[in-house]
Amino acid sequence: MVIVLIYSVLWSFSADLKGGSRNMLAVGGKNDSVQNSEVITKGLNSISRAAGDLRRTIAIRDKVDSVINKKKLSLADSVFLENALLELKLIQQP
């Protein structure tokens, strides 16, 4: 098993020395880097928005759980639950 591990490490470095993957990186131009940065920015914005939505959803869930655990719900609790449902629907919309 150790021999296979050593062989694998040596093989991966020898494949790099042949220049197969290094030449592919040098092909891209300036426009590619601008497009890649735009894609990365859009991706990060999407991740950030999803994280914010997840935080809001968890906060709503915690509040809803505390209201539901009451023995008796009041009119204000019902209104709160209805508003929480509407907010969750808004979060789900793209």
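Each value in this text was obtained by applying a stated rule to the coordinates, not by laboratory testing. Small disclaimer: the values here were computed from a predicted structure and weren't measured. Please note: Cβ atoms are built from the backbone with ideal geometry, for glycine as well, and neighbour counts cover all protein chains shown.
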Worksheet entry | Potential extension, Leu90-Ala50 segment - 0.36 nm per residue separation minus Cα distance | 13.1 nm
Practice prompt. Calculate the spin-label point distance for Ile40 paired with Glu82, positioning each point 7 Å from the Cα along the beta-carbon direction, and give it in nanometres.
Written response: 4.9 nm
